[in-house]
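Student: Before I ask anything, here is the structure I am working with.
The values are calculated or read from the model by the stated rules, or taken from the named source; none is laboratory data. Note that the structure is a prediction, hence the values are computed from the model and not measured. Glycine also receives a Cβ, built like all others from the backbone with ideal geometry; neighbour counts cover every protein chain displayed.
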Amino acid sequence: MNELHVDSVMKSFGGRQVLTDVFLSCSRGEIIGILGKNGAGKSTLMKIIFGSMQADQKFVRIENKIIKGLRDNQNLVSYLPQNHFLPNHVKVSTIISLFCNKANASLLKTNDLIRPMLDKKTGQLSAGEKRILEVFLIIHSDAKYTLIDEPFNGVSPIYKEAIKNLIKEHSKRKGFIITDHDYRNVLDIADRIILIHDGGTKEIHEKEGLKFWGYISENQE
Amino acid sequence: MRQIISTIIFYKRLVIPALIVSIAFGFLGMIPPGGNFSLKTVGFSYFLNSILFHYLIYEIRHPEEYYFYYNLGFNKLELWGINLFISFVLSLIFIIA
């Protein structure tokens, strides 16, 4: 079964229940968009799926393998966190070779956006360049499922298009779960939209659903 | 190979500050009259400093960097284990030398 399956996720912080009733599935070839207000638990859910955060309760299964922690998800899930995660003292070309197989590494090294960065260390890149590199690395990683938290944050509009096209292209062979406050970009590429509301997940079929659950206002497009 | 390069990248960040402070401790042995530079002191303090710098650099200053290693297949416990093992071996070399 080519599917990432998540259910029964419960997580609280200091007595406040953030996630209570989460059900989520993502097949290879599918892009799932997760939306929710600030503090709704989007990043928390991603970290729990990835295995870097302990949940009070969870069930995560990836293609018949039950994921209990980071050790179990090797080559199955990659995760782009909200903040910059690349060490500053390493050359871009070295990082690419670490993250990608040979074919993807050479693909990435010849990319017009990445090529000018190759001989630099990540500490020499601007915040925007670093974000583009991080997004591209995660998308090109060997993992079968990729979790992406705020890929469009701090990225110029023209590069947002490049990121969207790349995710679309790679979604043919892997599953993506993506979240971003720039919901229009998420709506553009997602096959399904899941809204986190009051700790639970609601599948949204039309934009009106986002208004109904109070994620966007009535007059927002 | 990937694991070895990742380990080198991870440990490289710790080795220079830990070594500088440890060598400084080694020179402290020269302060009393007739005192000498002590490699033994360097060795002992290197082990403790590597733990201290791991905590300061990875836990306090750059906790997001853990995600770099998580994506490469390591977990936090393994990274602490790697630090303790390499630092113990290097400390032993200083102490025995």
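Student: If a residue must be more than 9 Å from chain B (Cβ to nearest Cβ), in a loop (DSSP other than H, G, I, E, B) and either of a type outside the set (Asp, Glu) or within 17 Å of the chain's Cα centre (by Cα) (or both), how many such residues does segment A:57-69 contain?
Tutor: Qualifying residue count, segment A:57-69: 3.
Student: From the list B:60, B:9, which residue is more than 14 Å from chain A (Cβ to nearest Cβ) and β-branched (Val, Ile, Thr)?
Tutor: Answer to the check: B:60.
Student: Out of everything in segment B:18-51 that is in contact (Cβ under 8 Å) with a residue 40 or more places away in the chain and not small (Gly, Ala, Ser), what residue ends up being surrounded by the fewest Cβ atoms within 10 Å (Cβ to Cβ)?
Tutor: B:40
Student: Okay, next question. Taking segment A:70-106, which residues are in a loop (DSSP other than H, G, I, E, B), exposed (fewer than 14 other Cβ atoms within 10 Å of the Cβ) and more than 7 Å from every other protein chain (Cβ to nearest Cβ)?
Tutor: A:75, A:101
Student: Give A:54, A:17 a once-over and let me know the one that is in a strand (DSSP E or B), over 25 Å from residue A:163 (Cα atoms) and at pLDDT below 95.
Tutor: A:17
Student: Report the residue count in segment A:112-122 for those that are closer than 14 Å to residue A:139 by Cβ and crowded, with 18+ Cβ neighbours inside 10 Å.
Tutor: Number of matching residues: 1.
Student: Scan segment A:32-51 for residues that are exposed (fewer than 14 other Cβ atoms within 10 Å of the Cβ) and either of a type in the set (Gly, Ala, Ser) or in a helix (DSSP H, G or I) (or both) and jot them down.
Tutor: Selection gives A:39 alone.
Student: With a cut-off of at least 3 residues that are surrounded by 21 or more Cβ atoms within 10 Å (Cβ to Cβ), name the strands (runs of 3 or more DSSP E) lying wholly within segment A:136-207.
Tutor: The qualifying strands (runs of 3 or more DSSP E) are A:145-149, A:175-179, A:192-197.
Student: Within segment A:154-175, count every residue that is touching a helix residue (DSSP H, G or I) at 6+ places or on another chain (Cβ under 7 Å) and farther than 20 Å from residue B:72 by Cβ.
Tutor: Filtering segment A:154-175 down to residues touching a helix residue (DSSP H, G or I) at 6+ places or on another chain (Cβ under 7 Å) leaves A:154-156, A:159-160, A:163-164, A:166-168, A:170.
If we keep only those that are farther than 20 Å from residue B:72 by Cβ too, we end up with A:154-156, A:159-160, A:163-164, A:166-168.
Residues in segment A:154-175 being touching a helix residue (DSSP H, G or I) at 6+ places or on another chain (Cβ under 7 Å) and farther than 20 Å from residue B:72 by Cβ: 10 in total.
Student: I would also like to ask the following. Answer yes if at least one residue in segment B:85-93 is of a type in the set (A, V, I, L, M), closer than 14 Å to residue B:14 by Cα and within 14 Å of chain A (Cβ to nearest Cβ), and no otherwise. Explain how you work it out, then say what you get.
Tutor: Within segment B:85-93, the subset of a type in the set (A, V, I, L, M) is B:86, B:89-90, B:92-93.
Among the residues that remain, those that are also closer than 14 Å to residue B:14 by Cα are: B:86, B:90.
Remaining after also requiring within 14 Å of chain A (Cβ to nearest Cβ): none.
The answer is no; no qualifying residue exists.
Student: Could you look through segment A:117-129, keep only residues that are assigned to a helix (DSSP H, G or I) and more than 20 Å from residue A:151 (Cβ to Cβ), and pick out the one that is farthest from the other protein chains (Cβ to nearest Cβ)?
Tutor: Restricting to residues being assigned to a helix (DSSP H, G or I) and more than 20 Å from residue A:151 (Cβ to Cβ), the top hit is A:124.
Student: If you don't mind, another one. If you go through segment A:140-160 one residue at a time, how many are acidic (Asp, Glu) and under 13 Å from the mean Cα position of the chain (by Cα)? Working first, answer last.
Tutor: Taking segment A:140-160 and keeping what is acidic (Asp, Glu), we get A:142, A:149-150.
Imposing the further condition that a residue be under 13 Å from the mean Cα position of the chain (by Cα) reduces the set to A:149-150.
Summing the residues that are acidic (Asp, Glu) and under 13 Å from the mean Cα position of the chain (by Cα) in segment A:140-160 gives 2.
Student: Here is a list: B:34, B:73. Which entry is within 14 Å of chain A (Cβ to nearest Cβ), at positive phi and in a loop (DSSP other than H, G, I, E, B)? Full working, then the answer.
Tutor: Values: B:34 fails: within 14 Å of chain A (Cβ to nearest Cβ).
After ruling out the rest, the residue left standing is B:73.
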